[in-house]
Amino acid sequence: DVARARAEDRDPVRLRDWAALELLYATGVRVSELVGIDLGDLDLGERTVRVLGKGAKERVVPFGAPAARAVEAWSAHGRPALVGPRTGAALLLGARGGRLDPRTLRGVLHRLTAVAGVRDLAPHGLRHSAATHLLAGGSDLRTVQEVLGHASLGTTQRYTHITPERLRAAYSQAHPRA
């Protein structure tokens, strides 16, 4: 919410930060994947983004309305102000018009957590939160694996934690002798 509130002044960098953080949390993508997104990878109508992950594996990841609003505001009011000769097709731009650098985005997140007065969070923490919230909301591990772009289900299982309550509820619902 801090990023959204700061972007109300339509400052291009703040709009970019809001869009980047909303996409990170909404999609669970890696920072390197996020900064690699091009305009043509985004489908705002379908609310999906095509991501090139590890091992050059491509996947399509959905995102919700809050991320769509942030990206629309960035695309309409922020990105045009930062476009320059080095811009190319990059969705997210640095202050000088080139593709956003992953270190810059990490710094943005650290600064915004400080402003919000919450525990410091790295971008990977947003990825973990996205996965945890998908599981808590009823998504199955295989779907979370696909969203995160993990090659193995074991990686997804280690990456996310399943609360004892969720485990008990799933057991009670699914096991015939529960």
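The values are calculated or read from the model by the stated rules, or taken from the named source; none is laboratory data. Since this is a predicted model, take the numbers as computed values, not measurements. Neighbour counts are summed over all protein chains in view; Cβ atoms, including those assigned to glycine, are modelled from backbone coordinates with ideal geometry. Each accessible area value is taken on the protein alone, full model and side chains, heavy atoms only, with ligands, DNA and RNA left out. Shrake-Rupley method; radii C 1.70, N 1.55, O 1.52, S 1.80 Å.
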Among 146, 22, 165, determine the one that fluctuates most according to a GNM of the chain built with springs between C-alpha atoms less than 10 Å apart. 165
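Largest first and in whole Å, give the semi-axes of segment 83-178's equivalent ellipsoid, each being the square root of 5 times a Cα gyration tensor eigenvalue.
Numbers: eigenvalues 274, 60, 18 Å².
Calculated on Cα positions only, the semi-axes equal 37, 17, 9 Å.
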Calculate, for residue 96 and residue 177, the FRET efficiency according to 1/(1 + (r/R0)^6) with r their C-beta to C-beta distance and R0 45 Å; round to the nearest 0.05. 0.10
Carbon and sulfur %, accessible surface of the chain computed with the full protein complex present, 1.4 Å: 53 percent
Round to the nearest 10 and report in Å² the accessible area of residue 43, as given by a 1.4 Å probe over the protein chains' heavy atoms. 70 Å²
Mean separation of Cα contacts under 8 Å (at least 6 apart) over the residue count of segment 1-136, i.e. the relative contact order in percent, is 29 percent
From Cα coordinates alone, what are the radius of gyration and Dmax values for segment 5-64 in angstrom? 12.1, 39
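Averaged per residue, what accessible surface does the chain expose to a 1.4 Å probe, in Å²?
Working: 9840 Å² over 178 residues.
That works out to 55 Å² per residue.
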Tail beyond 16 Å, pair distance distribution of segment 35-138 (Cα, percent): 68 percent
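How much of the calculated P(r) for the chain lies past 19 Å, in percent of all Cα pairs?
Numbers: 9298 of 15753 pairs.
Result for the distance tail: 59 percent.
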